[in-house]
Amino acid sequence: MNKAVTDGLVLMPPPFAEGLAAWSSGDGTAGSPSYDGASNAAFVPADQDFAGCLELLKTQATQKLRWTGETPILPGCYLEVRARVKAMSGNLPAVRIAAWAGDGADDPVTGIPLAGPSVTLTGYGTTVTVRAIIGTGNRQGVDMPWGTTPVYGHFGLDLTGPTGGVVRIDDLEIEDVTAYFHRKMMDWEDVRDWGAAGDGTTDDRAAFEAASAAAAAAGRTLLVSAGTYHIGANLTLDVPVRFEGTVTMAAATRLQLTRNFDLPSYARAFGGEVLGFRKAMQALLNFTDHVTLDLGGRRIELDAPIDVAAAVASPTAFQIRRTLANGQFNVQPGTGWDTETWTRAASYSAANPTKLTGVSNVAAIPVGALVQGTGVGREIYVTEKNEGAGTLTLSQPLHGAAGTQQYTLTRFKYVLDFAGFSVLDRFEIVNVEFYCAGEASGIMLAPQGENFRIADCIFNKPRDRAITSIGLACQNLMVDRCQFLSNEMALRAQDRTSIALNVNANDAKIRDNRVQMFAHFAVCNGSGHMFLGNHFFGGDSETNGVRQAGLVLGQTNVKTTITGNYIDNSFVEWTNEYSAEPDFAEPQFSFGGLTVCGNIFTVRNVAPWFRWLVVKPHGSGHFIQGLNVSGNVFRTVNATVDRVDHVDTSFATLDFGRTRNLVVEGNAFNGVTQIIQNPVTIRHIQNTAATTWTVDSGGFLPFGAWARRVQALVFDGPVRGPGTEILSTRPYTQAEAGAARDRIEIVWPGEARGTVDVTLRADNPL
């Protein structure tokens, strides 16, 4: 930088040959005396050393020489003032560069150095150069650091020491010397200064390491200036890096930026977001210095899935917490998202419940393919394949597929595909939008793992699935405060096929999510799940419309709570479709361990046969052995439904003779013809004396269950005989009366009449 060149500033004083009126014997300010016509000053037109010069007789203790021109002082600009001087006769003085400093109001600035180093003249005719550097910064080499208060100065020199000497002074020079300080002013080390070729072929790794070490020692950043730099082996840079050029390296070679580990840096390093993301993920899962990959709010345009395991290269098992955060994946149309489908004949046996055998050309079937066929439950995937044995390992058993049949295997394409890992634990994705644009699915988990967490994310228009678990990596899955926006909103509810998420393992926490118009919100095997505070809805504008299950539970004893959710135009379906032998047999548990409390159930524009709670046994002999439905609100809009509960007998019905621990109480029903309770209290008025009073449960018992037990009889007023006599005899009760076993009988020793409140139960405690 030279301000005289770049900004046109006038720095150089006029030569003495132009006259002495511009030169002052004072401070150089307006009104100060000049040397024009002074008796102790004269211009010498010819001197053997100086050509034209000023000859000056020293008559004062400090003889001043100041240019009356105002030399500007700019932040970051450094000026060098030079003068060549020689003694001619008389006493030998000392010489120094000196100045007067002025602020914006033309007032003098004090408290700053106004003179440079002093040089004593030691002989006659010997030329001495005096110089001083003036600038705003207090840097090494600056003789007169002025700060930012002065805005200009009057520069010249002082003669000090004894008077009476005669000196000659060559023309004063003022020059911008900021370049002297550039190297110290720069906060970077350029890799080219350390031997990097930047030609895209030469291995520049050693130059990068040397430049990085120098930058670290000096507290500077590393500059990768324009060019293409090939890196031949893993490289770790422990200083901040600024990329003007780009780097190239083999797919398995890692670049580890420990001081600016974020997507913007990697995108600049590799010339694009996609490759930058792959290399950043590679570093995230291979280098212990990184915990979170910050996407920096960037949008990554994708035209094909990211196979994360392939990008990472190694290892295939990763079990240390890592986080991906703050950005968007924006899917672009392309053939890279095309779904692949295969049809294969295969055999299945309940004795080997997660294997398909006798599969031809297993090599062509990818891990993560969805398996469909007769007797196959929802969301069953290939988790492993054995090409030599011709087998496929499945994520769940099949409930009715014994024998040999044709299976359809479908591989959806995911923005982030983790299926290539053998194990992936404790991975988190936070504040990321997956804009799938109806072209791609969102995330496929690894076959094994635990504690995968997805929080504050948006899954926008996934084509088939938002989150898919193909194995047990969903153990302790956490999905919190996410939005799932279907690509099928315009379709009728029954025509939708996309699914927000599925779970195969245990202990999922699905909390505070909003899920709009998928075929299903969640299809879940396993137990120990918590569905809390979610709003999932699946309606359409059809009159008497069909609805699909919002939440599917695929195991009998689920040990699960569904609490505080808004279940809107969908229902809860409870099945055992993941059982290879779905008929009940001791010592297994049947349908139990489910708590449904404090939810809002809403539906509109449906037929009367719609139900919110559906149990669908896939084998015989099953029963309810632990269900609590309490504190919920059921409401219809533009519709009336017969009741809220239903047993789907497509495969089998329930054994109501074994119902136990069934609690249905404290619920509110609006637009529901038949409310349900268990226990339920029914008032029976027997106006005609009879030995047997038959009390109908009136449809109150859940799921059409039997009236298995009388919990209490409370008589309202006296019990009388055929006349007016009051009876003191005691009756007994007989449960499960009537063809449907939905009544109880109160049996008296003789004829009796009266009013009684009967508390019935559909369950027994044991």
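Bear in mind these aren't lab numbers, they're just calculated from the coordinates by the rules spelled out. Fair warning: this is a prediction, and the values are worked out from it, not measured in the lab. Cβ: placed from backbone, ideal geometry, glycine included. Neighbour counts: every protein chain shown.
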Length gained if Arg730 through Ala226 is fully extended, taking 0.36 nm per residue and subtracting the Cα-Cα distance, is 171.3 nm
Yeah, the stretch 582-634 with a ≥ b ≥ c from its alpha-carbon gyration tensor (a/c under 1.5 is rounded, else prolate when a/b outruns b/c, oblate otherwise) is oblate
For the pair Ala216 and Glu542, the simple spin-label estimate (label points 7 Å beyond Cα toward Cβ) gives in nm 6.5
Put in order of increasing Cβ neighbours within 10 Å, starting from the fewest, His399, His646, His535, His529 give His535, His646, His399, His529
With the stretch 680-761 reduced to its Cα atoms and the Debye formula applied, log10 I(q)/I(0) at q = 0.21 1/Å amounts to -0.89
Compactness summary of the chain: radius of gyration and Dmax from Cα atoms, Å, are 44.8, 157
In terms of the alpha carbon gyration tensor, root eigenvalues a ≥ b ≥ c, rounded if a/c is under 1.5 and otherwise prolate when a/b exceeds b/c or oblate, the stretch 340-411 is rounded
Computed about the Cα centre, the charge dipole of the stretch 575-690 from +1 Lys/Arg and -1 Asp/Glu charges at the Cβ has a magnitude in debye, to the nearest 20, of 520
Residue separation between Asn386 and Ala739 times 0.36 nm, minus their alpha-carbon distance, gives in nm 121.6 nm
Expressed to one decimal in nm², the mean projection of the alpha carbon convex hull of the stretch 433-524 is 5.1
Any lysines whose Cα falls less than 18 Å from that of Lys461, other than same-chain ones fewer than 8 residues away, would be Lys413
Expected sort for 515-522, 47-54 on mean C-beta neighbours within 10 Å, highest first, is 515-522, 47-54
The ³J(HN,Hα) series, computed from each phi in the stretch 474-488 with the Karplus coefficients 6.51, -1.76 and 1.60 at θ = phi - 60°, rounded to the nearest Hz and given as x for glycine or proline, is 8, 4, 6, 4, 10, 10, 10, 6, 9, 10, 10, 10, 6, 8, 10
For the stretch 46-110, Rg(Cα) over 2.2 N^0.38 Å is 1.43
The size of the Cβ-based charge dipole (Lys, Arg +1; Asp, Glu -1) of the chain about the Cα centre, to the nearest 20 debye, is 2000
Classified through the alpha carbon gyration tensor (a ≥ b ≥ c as square roots of its eigenvalues; rounded if a/c is under 1.5, else prolate when a/b is larger than b/c, else oblate), the stretch 96-167 comes out prolate
In whole angstrom, the spacing between the Cα centers of the stretch 330-359 and the stretch 409-466 equals 18
Quick note on Arg411, Arg761, ordering by fewest other C-beta atoms within 10 Å, gives Arg411, Arg761
Cα gyration tensor of the stretch 604-662 diagonalised, 5x eigenvalues square-rooted, in angstrom largest first, produces semi-axes 25, 15, 7
In Å, the C-alpha Rg and Dmax of the stretch 199-313 are 13.4, 43
Among trypsin sites (Lys or Arg not before Pro) in the stretch 276-385, those in a DSSP loop whose Cβ has at most 13 other Cβ atoms within 10 Å are Arg321
Of all DSSP beta bridges with both partners in the stretch 648-766, the antiparallel percent, nearest 5, is 95
Partner lysines whose C-alpha sits under 28 Å from that of Lys559, ignoring same-chain residues fewer than 8 away, are Lys355, Lys509, Lys616
Between Thr408 and Ser314, the FRET efficiency computed from the C-beta separation at R0 = 30 Å comes out, to the nearest 0.05, as 0.35
Between the residues Gly271, Gly31, Pro718, the Cα farthest towards the positive end of the dipole of the chain, that dipole coming from +1 and -1 charges on the beta-carbon of Lys, Arg, Asp and Glu, is from Pro718
Quick P(r) readout (the stretch 3-183; Cα-Cα; 5 Å bins; whole %) gives 1, 8, 18, 22, 21, 15, 10, 5, 1, 0
Listed with the fewest Cβ neighbours within 10 Å leading, Glu244, Glu273, Glu433 appear as Glu244, Glu433, Glu273
